[in-house]
Structures are given as structure tokens and as C-alpha cells.
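Chemist: The structure's right below; bear with me while I get my questions together.
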Amino acid sequence: MFEQSFKNIDNILHTDSGCGTELDYVEQTSWVLFLKYLDGLEETKRTEAALAGKEYKYILSPEYQWNIWACPKNDEGKLDHNKALDGDDLKDFVNNNLFPYLKKFRAEDPNTIEYKIGEIFHELKNKISSGYKLREILNIVDGMHFRLYEEKHELSHLYEAKIKNMGNAGRNGGEYYTPRPLIKTIVKVVAPKISETIYDGACGSAGFLVESFNYLTQNQSKLSSSQISILQNKTFYGKEIKSLAYIIGIMNMILHGIEAPNIRHMNTLAENINDIQEKDRYDIVLANPPFGAGIGREIQQNFPIKTGETAFLFLQHFIKILKAGGKAGIVIKNTFLSNTDNASVSLRKLLLESCNLHTVLDLPGGVFAGAGVKTVVLFFEKGASTKKVWFYQLNLTRNLGKGNPLSEADLAEFVELQKTKADSENSWSIDVKNIDQKTFDLSVKNPNKIGSAPLRNPKEILEEMRSLDQKSGQILNSISKYL
């Protein structure tokens with residue numbers, strides 16, 4: 001229904017001087033879609049109020065409603081060209097009237113649609129430089145509708161595709177996109193239930209929250225009104241520091257059926273974890289926190305284990321914010337399992353002593369397009385120390401890449417074996433009491449790989465390099481005598 005519409009919008013934006021990348025395309029499409037969605041939501045609520053014999057009070061003032069400024073209609077239901085703004089008039093209205101008006105929206109409750117309007121437009125600006133091209137885009141979006149399930153399903157599917165393209169548009173974009181087959185698998189293993197709270201403190205485009213919503217709704221034959229209310233208002237929670245990711249995350253959840261997403265625009269790591277109280281905790285944590293060093297000392301002061309590695313600070317936050325008995329599925333660099341610096345050792349010790357790290361999924365390179373790191377997924381439950389860890393090493397017969405991405409079928413064996421923690425060619429278990437109690441090294445070493453070379457000690461490798469350099473020098477010296 002909407003695929004060609006999305007392509008047409010991208011083609012228009014591609015020729016506009018204000019939009020240069022896939023990131024801009026998603027951002028600018030998002031705010032127009034959001035206002036169209038808001039118009040549909042208001043009309044639905046007005047109809048519901050009328051059926052109940054009540055009067056509905058619109059969120060937006062009349063002059064800022066979609067059918068007044070964006071696409072006013074004539075008596076035949078077609079665009080009224082006499083009333084519809086175009087060119088510079090449209091651009092000036094959007095930049096000088098519409099956006100300033102929407103930025104002023106605030107509400108005491110951050111989980112309301114009014115609050116989201118103010119948050120979204122406080123961070124956005126219109127980058128579409130041509131008012132004539134903006135008119136074309138408004139006309140296309142006006143033909144999109146959010147009422148029917150089939151319409152919402154296709155729209156959300158296409159929006160996910162746009163997020164994926166954005167994730168491959170550059171280094172910054174890639175931070176936002178985690179492959180959906182991996183997210184679905186993590187959700188499936190953690191297996192959330194309705195009434196459990198689900199949290200992602202680095203939610204990006206809200207992939208984990210969206211897939212959790214899909215999992216909870218698809219596994220229910222029919223939801224009661226109370227269950228629907230719980231899913232809408234008391235289940236999904238997220239935080240995101242980057243403006244574009246925050247906006248896209250909200251839009252992604254809205255298009256999947258969550259009207260007022262509980263996503264906050266903030267720096268998760270700026271919160272001192274000692275200030276986290278029981279009321280702040282969640283039943284489930286699902287996340288792929290950003291990797292990278294360089295976190296300043298002022299942020300590190302919020303954590304007992306000081307480190308400049310972003311993901312390690314997030315892991316401390318996730319452990320702290322989990323309820324007792326809570327479950328987690330966290331993507332992290334595979335070096336977390338073996339690094340010998342004090343912070344890594346202390347963090348592994350904390351995880352093993354305060355949580356039951358029952359499963360480690362070892363992923364091959366290429367899972368994350370454009371990223372040069374290997375990752376693992378940690379599955380753990382808070383409240384009891386780890387006795388045994390079950391490892392699964394995903395060994396594929398092909399190289400992963402942009403044209404050959406990870407699929408759910410690739411992870412099917414992992415999901416099945418994980419249920420019983422069974423041993424196989426790709427899986428094994430270790431007793432924590434048998435690992436080094438000083439380093440708590442959890443390196444992935446598949447004992448079933450016959451003929452595979454064991455991991456060598458770094459010192460041994462350096463010694464060999466020095467020896468080879470010395471031999472090379474001797475050979476060069478002997479050759480130079482004959483020149």
C-alpha cells in the first residue's frame with residue numbers, strides 16, 4: 001500500500017538541498033508522518049467520544065490541525081488549492097508558526113502524547129528547504145492512513161526498512177540499528193510476560209521494545225482491555241540520549257501501536273546508580289548499549305567500577321536497575337569476557353556474584369553491518385550467583401555482510417538447545433568454580449572444535465614477533481654485504 005509512497009518521498013528529498021543523507025530522509029519523513037498520525041488519532045478519539053455522547057477536546061488548536069494547514073479539503077474531499085499553502089508561504093508557516101507552537105507543548109506526565117509532541121519538536125527542525133517539495137510530500141502522506149491493522153502493519157514494516165537503511169548510511173547511523181533477527185531471538189529466549197516491565201536504557205530506534213510488543217501480542221489469542229491498557233501504559237520503558245534516535249524510536253513504537261511511548265530523552269549514564277531505588281527497577285532489561293571508550297571522569301563517578309568504556313558502565317546500570325529475579329539479554333563486545341584490566345575483571349566478578357549468567361551466545365563477525373567488533377549476548381537473572389554458564393558458538397558456513405545478513409534460521413538451533421542447555425558441537429557448559437578466581441576469565445573456548453588452535457598468550461605472541469624481527473634483521477644484514 002505505501003511502499004511506492006515512501007519511494008516517492010525519498011526521491012523528492014533526494015533532490016532537496018536541505019536533505020543530504022538517509023539520516024535526513026528518515027528524520028524529515030518522521031515528523032510529517034507523526035503529524036498525520038496525530039490527526040488520525042484525534043479523529044478516532046473524537047468518534048469514540050461522540051459514540052459515548054461526549055464532546056472531544058482536540059490537542060492541537062484548529063489552525064495547526066492537519067486538515068487546516070497541511071491538506072485542507074474542498075466539498076468533494078479533494079485538496080483545496082485555494083486554501084492549501086505552497087512554496088515560501090508553506091515553508092514560512094512551518095518554520096515560523098507550526099514548529100514554535102509544537103515546541104511549547106509540555107505536560108507534567110512524560111508518558112502522554114502532549115509531552116511527546118513538545119519533546120519531539122523541541123529537538124527537530126524542518127530541513128526541507130523547498131516549500132514546493134514539502135507540498136508534494138504532504139500530499140503523499142495525506143493519502144496514508146493508520147486506522148486499519150493491515151495499514152499499520154505495512155507502515156511499521158516499511159518504517160523498519162527505512163531505519164535499517166539509515167543504519168547503513170554511515171558510522172553514526174549504525175549506532176541505531178540492531179539486526180531484527182537477533183533482537184527477536186533475544187526476546188524469545190528471555191520470554192517476557194504481560195504485566196512484566198521491559199526496559200532499554202540505550203533504546204535507539206526502540207527495536208527491543210517494538211519486538212517485545214510484537215512477541216507479547218502475537219502470542220496471545222485475544223487481549224483483554226486491562227491487558228491492552230497494561231501494554232500501552234505500564235510495560236515498555238526506554239531512555240535515549242541522541243535526538244534523532246529518540247524521535248525515530250518514538251515514531252517506531254507509535255507505528256507499531258504504542259500511542260504514547262515511555263521513552264525519555266536523557267543521558268542514562270548521567271544518573272548515579274546509587275540513587276536507583278526499588279520503585280525505579282524493572283522486570284526485564286533488553287539492550288545493545290553503545291561501545292566505545294572516552295567517557296569522562298565526571299560520568300564515571302556515577303559508578304562503583306570506574307571505566308571509560310561506555311558498554312561497561314551501561315552493564316553496571318542494567319544490573320542495578322533489574323529487580324530481584326529479573327531477567328536480561330544484553331549485547332556486548334566479546335572482549336568483555338577476557339579483558340584483564342581491573343574494570344573488566346571487577347565487572348565480571350560483579351556479574352557472576354550478583355546474577356546467574358546462565359547463557360552466553362557467541363556471535364560471528366559481520367552480524368553488525370560496518371562494525372569491526374565481535375559481540376556476545378549475555379543472558380542472566382538477578383538475585384543468585386552463577387554456578388554454571390552455558391555457551392553457544394554460532395558457527396555459520398557463510399560470511400555475513402550487507403548482502404548476506406543474519407537470519408532467524410541461523411539462530412534456530414541456539415533457541416532450541418538453550419531450552420535445556422544441551423551440549424552439542426556448538427555448545428558446552430563450564431562450572432564457575434573451575435575458572436580462574438582472580439581474573440574470572442570467561443573466554444569462549446569451544447572444547448568440541450577438533451583441531452582448532454588454542455588461544456595463545458599475548459606474551460608468547462610478542463616474543464615470537466621479536467624473534468622473527470631479529471631473524472629478518474640478520475637476513476637483511478647478510479644480503480647487504482653482497483650489494
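Readers should treat all values here as calculations from the given coordinates under stated rules, not as data from a laboratory. If you're wondering where the values come from, they're calculated on a predicted model, not measured in any experiment. Ideal geometry is used to build each Cβ from the backbone, glycine not excepted, and the neighbour counts take in all protein chains shown.
Chemist: DSSP beta bridges in the range 169-434, what fraction antiparallel, as a percent rounded to 5?
Modeler: 55 percent
Chemist: While we're here: When a footprinting reagent is the concern and you count Cβ atoms within 10 Å, what order do Arg264, Arg398 take, fewest first?
Modeler: The order, fewest Cβ neighbours first, is Arg398, Arg264.
Chemist: Within the range 119-143, find all residues whose amide N lies under 19 Å from a label point positioned 7 Å from the Cα of Lys45 along Cα-to-beta-carbon.
Modeler: Correct set: 119-122.
Chemist: Each label point is 7 Å from the Cα along the Cα-to-Cβ direction; what then is the distance between the points at Lys449 and Glu63, in nm?
Modeler: 6.8 nm
Chemist: Okay, helix-only estimate at 222 nm for the chain: each DSSP H run of n ≥ 4 adds -39500 (n - 2.57), divide by all residues, round to 500 deg cm²/dmol; what do you get?
Modeler: Theoretical 222 nm ellipticity from helices: -13000 deg cm²/dmol.
Chemist: Give me the tail of P(r) for the chain as a percent: Cα-Cα pairs with distance above 45 Å.
Modeler: Every Cα pair in the chain considered, those over 45 Å come to 22 percent.
Chemist: With r defined as the distance between the Cβ atoms of Lys54 and His145 and R0 fixed at 35 Å, what FRET efficiency is calculated, to the nearest 0.05?
Modeler: Once rounded, the FRET efficiency stands at 0.90.
Chemist: By counting other Cβ atoms within 10 Å of each Cβ, how are Arg297, Arg106 ranked from fewest to most?
Modeler: Taking fewest neighbouring Cβ atoms as first place, the list is Arg297, Arg106.
Chemist: Show me 62-70, 131-139 ranked by packing, highest mean number of other Cβ atoms within 10 Å first.
Modeler: The most tightly packed comes first, giving 131-139, 62-70.
Chemist: Where both residues lie in the chain, what percent of DSSP beta bridges are antiparallel, nearest 5?
Modeler: Antiparallel bridges make up about 55 percent of those DSSP assigns within the chain.
Chemist: Assuming 0.36 nm per residue, please report the length gained on full extension of the stretch Val373 to Leu223 beyond their Cα-Cα distance.
Modeler: 49.9 nm
Chemist: Further question on the same structure: Using +1 at the C-beta of Lys and Arg and -1 at the C-beta of Asp and Glu, which of Pro364, Asn426, Phe291 has the Cα lying farthest in the positive direction of the dipole of the chain?
Modeler: Selected residue: Asn426.
Chemist: Could you state the per residue volume, in Å³, of the convex hull enclosing the Cα atoms of the range 212-278?
Modeler: 104 Å³
Chemist: In addition: Quote the convex hull volume per residue of the range 169-434, based on C-alpha atoms, as a whole number of Å³.
Modeler: 137 Å³
Chemist: Based only on other Cβ atoms within 10 Å, what is the fewest-to-most ordering of Trp428, Trp31?
Modeler: Starting with the residue having the fewest Cβ neighbours, the order is Trp428, Trp31.
Chemist: At 7 Å along the Cα-to-beta-carbon direction for both Ser429 and Arg297, put a label point, then send me their distance in nm to one decimal.
Modeler: Between Ser429 and Arg297, the label points sit 4.6 nm apart.
Chemist: What Rg and what Dmax come out for the range 3-147 when only alpha-carbon atoms are used, in angstroms?
Modeler: 15.6, 49
Chemist: Okay, moving on. Can you find, among Tyr132, Ala84, Leu98, the residue farthest towards the positive end of the dipole of the range 72-136? Put +1 on the C-beta of Lys and Arg, -1 on that of Asp and Glu.
Modeler: Tyr132
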